[in-house]
Structure formats: structure tokens, C-alpha cells
Amino acid sequence: MGGGPAGLFAAAEAAAGGERTLLVEGNGETGKKLLLTGKGRCNFTNAGLSAQTLQEPFGRKGRFLHTGLAAFGPEAICRFFDERGLASVVERGKRVFPASGDARTVRDLLVEEARRQGVTIRTNHLVRELLREDRRIVAVRTSKGELRARRIIVATGGCSYGRTGSRGDAFGWARELGIDVVPPRPAIVPIRTAESGALNLDGLILRNVALALFVGGKKTDSRFGEMQFTPFGISGPIAMDLARNVGEALEGNDDVTLSIDLKPALDAAKIDARLIRDIEKRKGYPFSSLLAGLLPRELIASFVDLAAVAVDRPLNGITKEERQRIAALLKGFPLTPTGLLGFDWALVTSGGISLKELDPRTMRAKAWENLHFAGEVIDLDGPTGGYNLQVCWSTAFLAGRGGTR
């Protein structure tokens, strides 16, 4: 069930093993969410990393992926596409994209492969219920009638991008079957901040900066790279990667802040030394001239307000205390997160079918003889950069085989 990347891949794998396979999809077409990945370019894996290294960004949950990555990791999915005529390119951060630069070529290849293997695809079939007898699922009730099956694979995604049909329906079915579901939260999603309107920085992109999360005054996580200011807060790769942890922190704490290190390549001492040198060179110039060489033009007004130094203040009048305050702001421009933008803007879902409920060798629900899960519906979410689609390929490969090969 589900015609996204995990559903299509699992169906093709099951059919390749000789199983008569039917894929049902609630939308009028398959792979709608896949077409949005990687800004429409489909960053389908991350190259050059070992199975162990790929597990690390998932934290303790990453160990669950060991069998899947060993059986079907980044090299395998790259080879899969290459053998079927889809060339790929590796870009910054070892992100792998189709050479076409178009996610549609990935979706179309998956559909073609599924059909080549003999998969029957039925769209506009909304699943309503899983029908059970004893410890088996015997049929699926859809908007167009009941479908009986020997084995069921649920690959319906999470709750992200609900307009593509991902409504989290599978979580309800799972709970009805007594399967534990970790409460879903948006992940890889923009962050709302209290300062968004006052800063007036909409559209400003900061590159090569570090964004850190502080809870109770203690730094708990950080990311390095690119971020962007928006009308509601911040977005961009590092903000969206950090969002899940921000959301979790806001649920249980009042003192949650974000800090942007605008000069991560320089420590506090080097920043201070540079400020002293620049001030000495520009003694009679205004404070704004110092910032022009340090910050994007759009950020200067907000920085001046926080530094509490008049923009036209002569540099030779800057005190040591003011200079240290300027240095501290360069290393820690503050923001106050107030929440996440929500599932409609999230790239993936955090939470889902608990890993404790699944056999990591087959993706089968331990309490049910013939029910498997694959892809985003499982409680596994990683950072941007191809990690989450690799989870789809690896778990779908195991679910498609189902322990039969």
C-alpha cells in the first residue's frame, strides 16, 4: 500500500521474487511527494559513506538500519538506477542526484520497473481498514472494495506534505492492531521565531554559518552550512535539520534559544584581534563601515540594534566593552524559536511505527505474521542529504523480500 518511493520499490522487489503483486495508491498518480524531494531534483542517496557512517545521524535508532544498509545501501541504489539507464551525479556533501536534475525521471523509472516486474498498479484506491483473522491480515478494505492478499506491505508515508496524500492514516490502522506508534512530529521543517517581523530579514541567505540550539543555557546541538530568513522565522538546510530537536525542546522547556555563529572559522580571540585591527585602520570612520566588511548589508541594521551602538558612532570612540559586545554578537546572533511551521511544510515525519514492533531483517511487524512496513511510516528520520530516501530503499528492499529470499 502506497505508491511513493518505498511502496514502488518494495512492490517491484516482491514481484521480482515471484509474488503476484498489487500496489494500491490513494492519489490519481504515484510518487507525488517524490517529485518534490531535493527541490524537485531528487537527492536519492548519499555516496561514499559506510553503513556505519550512514547510521550515525539517526542516533541510537540507527542500529536498526544495519541489516538494511548492509543488504541494500547507497552503492546498491546507485547501481540499480545505473543499470536501468539513469545516470547520477555526486554534488556537495556527497549528495547524489539524477544527472537529469529532474525527480520525475526517478519516479518514472520506478513505475516502469514495477510494471516490468509484473506489478499491477491501481490509483485512486483509498485504504480504509486492514481486516484481520487471528495473527494475519487477510484483506484490505479500500474506497473501491476489498482486496485479499497473502502478504501486506504498508508504505504510505507519514504526515509531511499532506497535500500529496500523506495523512498519517497508517498510524491509525497500526494502533487498531495494537502496534505502538511513536507520536508523529514534523521534521526537516522551517522554524518560527519571535523576532521574524522585527528583524525584517526576509529572503536573506547566510552561508557557512553555524546554528546552535541552547536549552536552559546549555548548548545541545548545532549545524553548519546554509540558512535563510523567512517572514515567519528561519529555513534552509541547517535550520530544517535542527528543527526536530527544536520542536522537542520547546515541548518541555521554557528557556530555548538559537544562536547564529556568523564567523565560525574564527574563535573569540581572533574575532577580537580583527576588530581591534579594523578599528585602528578606520579610526575616524563610523561604526557602519566596520560592519560592512563583516556582515551582509541586509543584516547590519538588526546587528546595530542588538549591539546598542549608534550606526554613525566614530570607531575611535568604541569602548572595550562595546567591542566585546560586538564580538559576542558575531559569534552568537540570538533568535527565539516559538515553534515549527507544521506538517504541510515538513519534508519528513519524525515518529511513526515503533522500531520495537518490527523485525529489522524483514520489516515485519512482530505481532503479525504477514504485515510489513517500509519507508517514512517507520520511526526513522535523518538529516537532509539523501538519508531519508536511503531509508526508503533499504527498508523497502527488506520488506519486498519479506524474508523469503
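The values are calculated or read from the model by the stated rules, or taken from the named source; none is laboratory data. For clarity, every value in this text was computed on a predicted model and none was experimentally measured. In this analysis, Cβ positions are derived from the backbone assuming ideal geometry, glycine residues included, and neighbour counts consider all displayed protein chains. For the accessible areas, the whole protein counts, side chains as well, though only heavy atoms, and no ligand, DNA or RNA atoms are used. Shrake-Rupley method; radii C 1.70, N 1.55, O 1.52, S 1.80 Å.
Taking every Cα atom in region 148-194, find the radius of gyration and the maximum pairwise distance Dmax, and write them in Å.
Every Cα atom of region 148-194 included, Rg and Dmax give 14.0, 53 Å.
Could you tell me the ratio Rg/Rh of region 5-44? Both radii from Cα atoms, Rh via Kirkwood.
Values: Rg = 12.1 Å, Rh = 11.4 Å.
My calculation of the ratio gives 1.06.
For a Förster distance of 56 Å, can you work out the FRET efficiency between the beta-carbons of A308 and T53, rounded to the nearest 0.05?
Working: r = 45 Å, r/R0 = 0.80.
Calculated value: 0.80.
If you take the alpha carbon radius of gyration of the chain and divide it by 2.2 N^0.38 Å, what ratio comes out, to two decimals? Don't jump to the answer; show the numbers that get you there.
Details: Rg = 24.7 Å, N = 405, 2.2 N^0.38 = 21.5 Å.
Compared with the compact-globule rule of thumb, the chain sits at 1.15.
Listed here are the pairs K218/K331; K33/K144; K218/K281; which of them are more than 26 Å apart at the Cα?
Cα-Cα > 26 Å for K218/K281; rest within.
Given the options P383, P334, P314, which has the most mean-square fluctuation in a GNM of the chain, springs set between C-alpha atoms less than 10 angstrom apart?
Sorting by GNM fluctuation, first place goes to P314.
Between region 138-152 and region 358-405, how far is it from one alpha carbon centroid to the other, in angstrom?
21 Å
Please give every one of the lysines within straight-line cross-link reach of K366, meaning a C-alpha to C-alpha distance under 22 Å, and leave out same-chain neighbours fewer than 8 residues apart.
The reachable lysines, counting only those whose Cα sits under 22 Å from K366, are K61, K356.
In straight Cα distance, which lysines are under 23 Å from K39, not counting same-chain residues fewer than 8 positions off?
Within the straight-line limit of under 23 Å, K39 reaches these lysines: K94.
Wrap a convex hull around the Cα atoms of region 304-378, take a quarter of its surface area, and give that in square nanometres. Write out the running numbers ahead of the final one.
Numbers: hull surface 38.4 nm².
That works out to 9.6 nm², a quarter of the Cα hull's surface.
Sort out for me the Cα centre separation of region 68-103 from region 1-23, rounded to whole Å.
Cα centroid of region 68-103 versus Cα centroid of region 1-23: 19 Å apart.
Using 0.36 nm per residue, how much length does the chain from L177 to A269 gain when fully extended, once their Cα-Cα distance is taken away? Let's see the in-between values first.
On the way: separation 92, 0.36 × 92 = 33.12 nm, distance 5.93 nm.
Net length gain for the segment: 27.2 nm.
Over the chain, give the accessible area per residue in Å² for a 1.4 Å probe, as an integer.
On the way: 18260 Å² over 405 residues.
With the other protein chains kept in place, the chain gives 45 Å² per residue.
In degrees, nearest 10, range 0 to 90: what is the angle between the Cα axis of helix 320-331 and the longest Cα principal axis of the chain?
With rounding to tens, the tilt is 20 degrees.
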